[in-house]
Amino acid sequence: MPLLEVRDLVVEFPTRRGVLRALDHVSFAIEAGEVLGVVGESGAGKSLTGAAIIGLLDPPGRIAGGEIRLQGERIDKLPPEKLRRIRGRRIGTIFQDPLTTLNPLYTVGRQLVETIQTHLGLSDAAARKRAIAWLEEVGIPGASQRIDAYPHAFSGGMRQRVVIALALCAEPMLVIADEPTTALDVSVQAQIISLLKRLTRDHGTAVMLVTHDMGVIAETSDRVAVMYAGRVAEIGPVAAVIGTPAHPYTEGLMGSIPSLEQRVARLRQIDGAMPRLDAIPAGCAFNPRCPRVFDRCRSERPELMAAGTTQAACWLHAGVATNV
Amino acid sequence: MSEALAPAAIVVTTAPMLELAGVTHVFDVSRPWLQRTLAREPRRTLRAVDDLSFSIPRGTTLSLVGESGCGKSTVARLSVGLMEPARGTIRFEGEPLSTARAQPALRRRMNMIFQDPYASLNPRWRVRDIVAEPIRTFGLAHGSAVQERVDALLTQVGLAPQDGEKFPHAFSGGQRQRVSIARALSSAPEFLVCDEPTSALDVSVQAQILNLMKDLQQRLGLTYLFISHNLAVVRHMSDQLGVMYLGRIVEMGPADAIFAAPRHPYTRLLLDALPDLAHPGRSRTSVGGEVPNPIRPPSGCTFHPRCKLANARCRAERPEQIAAEGVLVACHAIEEGRAS
Ligand SMILES: Nc1ncnc2c1ncn2[C@@H]1O[C@H](COP(=O)(O)OP(=O)(O)OP(=O)(O)O)[C@@H](O)[C@H]1O
Ligand SMILES: Nc1ncnc2c1ncn2[C@@H]1O[C@H](COP(=O)(O)OP(=O)(O)O)[C@@H](O)[C@H]1O
Ligand code: SF4
Ligand code: SF4
Ligand SMILES: [Mg+2]
Ligand SMILES: [Mg+2]
């Protein structure tokens, strides 16, 4: 049984001009201790997928279909109180801007101690000791003094370290990290990623790492899901998705990244833009931009199917092997 | 390319397009007078750009790269005359920038593209009027010729003439950046300062914009000062490269030479910090520390708290730029032969 299983997840936003379907039958699984990267351009549905799993969709957004299971147990229909306990205890969260997670009015120590006590039920003294240990573990120098400082007293990189401590201190089995390094400088990004990698490996924590940065995915993930227009276009082992992508969109995406090693006169580009939610084409959502489009793509929608070592939602791979 | 879009007058000069010599810019970041007086605080200044020199030959691209707050945008604003430097000189086509800016004929030959294409476009104007404004301001066309020129510009950046009827909010991020580029090109400039023009865009959209900028450079002979924090983008775009740290250029030279053999410890740190797509799963070398507070920069070489090669001299004495095989580097270890 996978740790997390998302099956045919549909998320919709009712609007005055009809219902917008932002996630359309998204399916994937995360095994215990595994890092699943989720990439795609902005608006593809990455953050919504994370928000749906932890029950934090902004209203009027709602789950309109499918199911989400944590260790086999449905969590998409739980009452808010129960979900809140799962969030924090079994699923930790890290967001792009550390200040959305940290309360500016409380010291970082108080926030850590509260989280530890709520979920692990330790005494005051034991919780404080544990909090200091976590600050040390995430590399805050002078942790026993700085535990009583407020978030604004920390630099951006240090704040994100505190957020990581906060996400991991209740020892969750899964962490959902949504663009955790996007707001940071490159050199600090490298520090935060290696910290996240080391800690989750040491504690056996699984990670759903949402980012639009393929480089971050490459060095961190075991598997990758590529999202496009609210759907999973391709999913598979990281080396295969990057090195031998099966979906024409993944291929285009990889080609558009400028390389440090070799200089090309022109970057490969995918013409056009990802469609808006109210104008998703019939059939394969990528068909107006696809260099390999053929008739079937315009009328029939491809589901994920086996494509070499990955799975791709693309008719080019129909009949090559059976569906999963 | 239509005639209308060609640079109006090709001035034959051997002077570089833009030349900065010893440019320094200092911001006053003191608290208000009363609070300062009550707290007995001195005035506080921030040296955002410190003794910067470079020149950009016509038709080429010079890029500046560095982490947040190192002074890139300040150089951008100084270079188009949006601010006056505290010290040093800036020349545009051999003329002092302030003199050049006073002449409309020269002023229209420089323009700027910003990171956030939405903030830089007036949301209440139709795209047609946004693009037409510089044409009218500089009197480059009249009557129906204005519209023709706008249509040609929109087509040139990959939009349709009908898109001129729309307002900026009706466009995606990449399309808005195309509108900004059309607007920046509308006065037929020869020199463009591009401050993180693709940093807010997805990689697939970034590829479209970078390709467009390179095409335009070739067709119109444009000169770019290109600013980015992304080394791979810079590698793709640049002829020359300057690496900035806390207001200073620590390494500068032909981009190919720097990428082939980065010398300054900070340049190496930046390159090592990049994830490697060719080898998934490989960790980056993670370097300690963050950019220090620029109000109280470290003594000597400001990079010393993060540098493995730092010694007593580095902490006391600021390194000057020295030339090493066509590249300028400011580092004691390199001068002393301590760095390989
Ligand atoms: N108007 C201002 N008043 C005071 N300080 C300023 C002002 N503008 C910039 N600074 C400071 O000058 C330094 C350089 O700023 P600048 O905007 O040039 O950096 P940058 O390299 O463009 O950074 P980023 O990558 O974040 O865009 C920073 O420390 C910044 O806080
Ligand atoms: N509150 C909302 N109301 C309406 N549409 C929304 C809302 N939140 C997100 N969306 C839409 O859902 C899609 C996916 O959004 P998101 O998951 O945030 O994308 P990503 O994280 O991949 O950039 C986008 O088209 C976005 O505009
Ligand atoms: S299904 Fe057709 S249009 Fe879609 S990606 Fe595959 S080939 Fe292209
Ligand atoms: S001058 Fe010294 S501290 Fe500065 S980069 Fe060189 S070796 Fe490092
Ligand atoms: Mg998002
Ligand atoms: Mg800037």
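Listed values, structure above:
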{"read-out": "Any hit, segment B:160-169, residues being closer than 26 Å to B:Arg107 by Cβ and of a type in the set (Lys, Arg)", "value": "no"}
{"read-out": "Check on B:Tyr224, hydroxyl-bearing (Ser, Thr, Tyr) and touching a Gly at 6+ places or on another chain (Cβ under 7 Å)", "value": "no"}
{"read-out": "Residue count for segment B:321-340, restricted to those that are outside any loop (DSSP other than H, G, I, E, B) and either open to solvent by 60 Å² or more (accessible area, probe 1.4 Å) or within 16 Å of ligand 2 (Cβ to nearest atom) (or both)", "value": "3"}
{"read-out": "Which numbered condition A:Leu260 misses (of (1) within 30 Å of B:Ala273 (Cβ to Cβ); (2) free of Cβ contacts under 8 Å to residues at least 40 places away in the same chain; (3) buried (at least 23 other Cβ atoms within 10 Å of the Cβ))", "value": "(3)"}
{"read-out": "Residue check for A:Gly55: out of contact with any helix residue (DSSP H, G or I) (no Cβ under 7 Å at 6 or more places or on another chain) and open to solvent by 10 Å² or more (accessible area, probe 1.4 Å)", "value": "no"}
{"read-out": "Filtered residue count, segment A:146-178, keeping only those that are within 14 Å of another protein chain (Cβ to nearest Cβ) and open to solvent by 20 Å² or more (accessible area, probe 1.4 Å)", "value": "7"}
{"read-out": "Every residue from segment A:130-145 that is open to solvent by 30 Å² or more (accessible area, probe 1.4 Å), within 31 Å of the chain's Cα centre (by Cα) and not acidic (Asp, Glu)", "value": "A:Arg130, A:Ile132, A:Ala133, A:Gly139, A:Pro141"}
{"read-out": "Hits in segment A:24-52 (condition: more than 14 Å from the chain's Cα centre (by Cα) and open to solvent by less than 30 Å² (accessible area, probe 1.4 Å))", "value": "A:Asp24"}
{"read-out": "Close pairs (6 angstrom Cβ cut-off, 6 or more residues apart or separate chains): crowded, with 20+ Cβ neighbours inside 10 Å in segment B:143-157, of a type in the set (Asp, Glu) and part of a helix (DSSP H, G or I) anywhere", "value": "B:Leu154/B:Asp163"}
{"read-out": "Residues within segment A:80-96 that are surrounded by 16 or more Cβ atoms within 10 Å (Cβ to Cβ) and either in a loop (DSSP other than H, G, I, E, B) or free of Cβ contacts under 8 Å to residues at least 60 places away in the same chain (or both), tallied", "value": "6"}
{"read-out": "Tabulated pairs, segment B:215-236, first at pLDDT below 95, second within 16 Å of ligand 3 (Cβ to nearest atom) and not β-branched (Val, Ile, Thr), C-beta under 7 angstrom, 6+ apart or interchain", "value": "none"}
{"read-out": "Exclusive hit being under 23 Å from B:Leu46 (Cβ atoms), within 14 Å of chain A (Cβ to nearest Cβ), more than 10 Å from ligand 4 (Cβ to nearest atom) and under 25 Å from the mean Cα position of the chain (by Cα), set B:Ile249, B:Ile295", "value": "B:Ile295"}
{"read-out": "Of all residues in segment A:282-307 being buried (at least 20 other Cβ atoms within 10 Å of the Cβ) and of a type in the set (Gly, Ala, Ser), the one that is nearest to ligand 1 (Cβ to nearest atom)", "value": "A:Ala285"}
{"read-out": "Some residue of segment B:300-320 being in the same structural domain as B:Met252 (by TED's automatic domain parsing) and at positive phi", "value": "yes"}
{"read-out": "Test: residue in segment A:58-79 that is without any contact (Cβ under 8 Å) to a residue 12 or more places away in the chain and assigned to a helix (DSSP H, G or I)", "value": "no"}
{"read-out": "Output for segment B:307-320, where each listed residue is open to solvent by less than 50 Å² (accessible area, probe 1.4 Å), of a type outside the set (Gly, Ala, Ser) and either free of Cβ contacts under 8 Å to residues at least 40 places away in the same chain or touching a Ser or Thr at 6+ places or on another chain (Cβ under 7 Å) (or both)", "value": "B:Asn311, B:Cys314, B:Pro319"}
{"read-out": "Residues (open to solvent by 50 Å² or more (accessible area, probe 1.4 Å) and under 23 Å from A:Gly236 (Cβ atoms)) located in segment A:266-281", "value": "A:Arg268"}
{"read-out": "Selection count, segment B:49-70, where residues are within 14 Å of chain A (Cβ to nearest Cβ) and either of a type in the set (D, E, K, R) or open to solvent by less than 10 Å² (accessible area, probe 1.4 Å) (or both)", "value": "6"}
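The values are calculated or read from the model by the stated rules, or taken from the named source; none is laboratory data. Because the structure is predicted, anything quoted here is derived from the model rather than measured. Because the Cβ atoms are built from the backbone with ideal geometry, glycine has one as well, and the counts that use them run over all protein chains shown. For the accessible areas, the whole protein counts, side chains as well, though only heavy atoms, and no ligand, DNA or RNA atoms are used. Shrake-Rupley method; radii C 1.70, N 1.55, O 1.52, S 1.80 Å.
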